[in-house]
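Nothing in this text is a laboratory measurement; each read-out follows from the coordinates by a stated rule. The structure presented is a predicted model; accordingly, all values stated were derived computationally and were not measured. All Cβ positions, even for glycine, are placed from backbone atoms using ideal geometry, and neighbour counts span all protein chains on display.
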Amino acid sequence: MLDIRQTGPNDWDYVSEGGATIVFSYRGPARPEFSDTVLRLRKVPLHQHNSAKEKSSPGDADKDDPIIDFQTKCLQKVVPSQYLPDLQPVHLEEAWLKDLSGLQNHRRPQNRREVDGIDLERKKGVLATDLVKGTCLSVEIKPKWAFLPSPTHLSKETKSVKTQTCRFCMHSYLKVREGQEAATDYCPLDLFSGDRDRVANAVSGLWKAWVSSNGSINNLKIFACGKAVGPSSVRRMLQDQDPSRSDVESIRQAFVTALTRSLLASPVLNILSVLQRELDPLDIEGLAQLCQRAGGSPSSQLGARCLALPDPDISDWVDFLNTYTSRDKLQLDHANPSLEHLKYYMLAYLLSATFKDCSIFVRMDLLDLSRPNRSEESSSSITVVDLEPKPMQKLAMWKKLDREIAQTYALEVPVTQRKTCVDAQLPQLG
Ligand SMILES: O=P(O)(O)O[C@@H]1[C@@H](OP(=O)(O)O)[C@H](OP(=O)(O)O)[C@H](O)[C@H](OP(=O)(O)O)[C@H]1OP(=O)(O)O
Ligand SMILES: Nc1ncnc2c1ncn2[C@@H]1O[C@H](COP(=O)(O)OP(=O)(O)OP(=O)(O)O)[C@@H](O)[C@H]1O
């Protein structure tokens, strides 16, 4: 296995981070094993008590990151490997990580630095294909939920809102109400529609949120030549950065056109949409009803039996993916789900959640305003990242959040003002 000490901490440059992971790109002398890779490291809260730490991760520090097995043994069965980054484990060392943290911590956003840092105790990290490197534009989109739920198992209170307004748009309403940032002009159902105008509309909505949040919204990140671009530095997205020849509106238009074209040329959004929908045929409401039948305890959120189930391990996931992908898939009657298939439905929901929360990287040429149609000739590629397994304990949280999202929207937004989100895969009435 590769050892990170074969490189120096100053060979790595901060790229970006999420809630759980921080990512650095290799910028050292040419080395086939490390050039073109990023280093993904786990983070820990700054003031985590030792007792909590032991409880949450017994022995985790020495294990390979589960994302590697999950991707190579399971996800590659449903997402062709050309759309996934290469992942491999790498040995870490505490002193090396401390040096890296000392060199790079100032480059992290202030709000992140205040709450967490690199987990210095981990013995293994992940090397992944560097998706921002090179003289190109890398656009990262977190598309979120691709579909409207089937009405079959929805309650009286939620059915009309959940079949009209998508989960993302209702969640955005709740976030704004709670004072958080949200991409209120973006609807994922437009992005996943396959229709040029609707996809362009979705990309415009993402751009608007990116500008108004000063680049901090998590649904759109832009990198040019390996570095994050902010709304005040949009000219860095251009091949020719001559300020006299570029205004922000022309750059926005060129971005929307080029990104829309790349998204439509790739099957990736369709793959994600099909997986999300097929793996969540009951909605969390239908799954909760099934769990309650199993637990025989209608008072508990999800039924005692479901709450007691351990997280799936890699062999559970392999079995599940084998069943899901087998030609003679289980003959499931989603309108009348059987208790016998409870575990299948639970794992399917967890996996659907992974695809609802992943991101995609679109790599394209830098924009060329003097030749706006040039991108018709140029190539682009799309890669899916952040495909992490979700834990069982999330099921109860999702049920609660789903109720809060739908009920708040139903109660507070008058029928005439509710958004109508169009699911392109469903027949449209009228
Ligand atoms: O529930 P959601 O839709 O808000 O998604 C969470 C994300 O929030 P978002 O609304 O995309 O800003 C959230 O994203 P942020 O940390 O807010 O950037 C996480 O991705 C979270 O997953 P996990 O708990 O880290 O495994 C996500 O939780 P999951 O629901 O995917 O478990
Ligand atoms: N292979 C890659 N190449 C370049 N940059 C990457 C790569 N993978 C991730 N990143 C960057 O690092 C960021 C954090 O990675 P990731 O989304 O996997 O972290 P996370 O903590 O799991 O996120 P979240 O909180 O959204 O679940 C990404 O948003 C992206 O900007």
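What is the set of long-range amide H partners of Arg27 at a cut-off below 5 Å, with H atoms built 1.01 Å from backbone N?
Distant-sequence amide H within range of Arg27: Trp12, Asp13.
Quick one: 3J(HN,Hα) in Hz for the range 70-80, Karplus 6.51/-1.76/1.60 with θ = phi - 60°, rounded, Gly and Pro as x.
4, 6, 6, 8, 10, 5, 5, 6, 10, 10, x
Ranked highest first by the average count of other Cβ atoms within 10 Å around their residues, in what order do 385-396, 356-367, 27-38 fall? Don't jump to the answer; show the numbers that get you there.
Details: 385-396: 17.8, 356-367: 20.0, 27-38: 15.2.
So the peptides 385-396, 356-367, 27-38, ranked by packing, come out 356-367, 385-396, 27-38.
Hey, could you pull the Cα Rg and Dmax for the range 120-201, both in Å?
Gyration radius and largest Cα-Cα distance of the range 120-201: 18.1, 53 Å.
Give the order of Val415, Val161 when sorted by the count of other beta carbons within 10 angstrom, beginning with the fewest. Let's see the in-between values first.
Details: Val415 9, Val161 21.
Least crowded to most crowded, the residues run Val415, Val161.
When the C-alpha atoms of the range 2-130 are aligned to their principal axes, what extent does each axis show, in angstrom, from largest down?
The Cα atoms of the range 2-130 stretch 40, 36, 26 Å along the principal axes, largest first.
May I ask you to sort Cys136, Cys169 by Cβ crowding, counting other Cβ atoms within 10 Å and putting the fewest first? Intermediate results must be reported in sequence, preceding the final value.
Working: Cys136 19, Cys169 25.
In order of increasing Cβ crowding within 10 Å: Cys136, Cys169.
Rounded to two decimal places and with Rh computed the Kirkwood way over Cα pairs, what is Rg over Rh for the chain? Write down the numbers at each step before the final one.
Working: Rg = 22.4 Å, Rh = 23.3 Å.
For the chain, the value is 0.96.
Exposure proxy check: Asp64, Asp247 ranked by fewest other beta carbons within 10 Å? List each step's numbers first, then the result.
On the way: Asp64 16, Asp247 13.
By the 10 Å Cβ count, ascending: Asp247, Asp64.
Using 21 Å as the Cα-Cα cut-off, could you pick out the over-long pairs in Lys98/Lys124; Lys356/Lys399; Lys329/Lys394; Lys343/Lys394; Lys144/Lys208; Lys123/Lys221? Can you show the working numbers first?
On the way: Lys98/Lys124 15 Å; Lys356/Lys399 15 Å; Lys329/Lys394 26 Å; Lys343/Lys394 15 Å; Lys144/Lys208 17 Å; Lys123/Lys221 30 Å.
The pairs that break the limit, which is 21 Å between Cα atoms, are Lys329/Lys394; Lys123/Lys221.
Mind listing the long-range amide H neighbours of Val385? Cut-off is under 5 Å, sequence gap 5 or more, other chains count too, H placed in the peptide plane at 1.01 Å from N.
Under 5 Å from the amide H of Val385 lie the amide H atoms of Ser359, Ile360, Phe361, each far enough along the sequence or on another chain.
May I ask you to derive the relative contact order of the chain, considering only C-alpha pairs under 8 Å and at least 6 residues apart, and to give it as an integer percent?
On the way: 675 pairs, mean separation 85.7, N = 430.
For the chain, the relative contact order is 20 percent.
How are the C-alpha pair distances of the range 97-138 spread across 10 Å bins, as whole percents from the shortest bin up?
21, 38, 37, 4
Please work out, to two decimal places, the log10 of the ratio I(q)/I(0) at q = 0.27 Å⁻¹ from a Debye calculation in which every Cα of the range 171-224 carries one identical scatterer.
-1.04
Report, by chain and number, residues whose modeled amide H sits under 5 Å from the one on Cys166, excluding near sequence neighbours (fewer than 5 apart, same chain).
Amide H neighbours of Cys166: Cys421.
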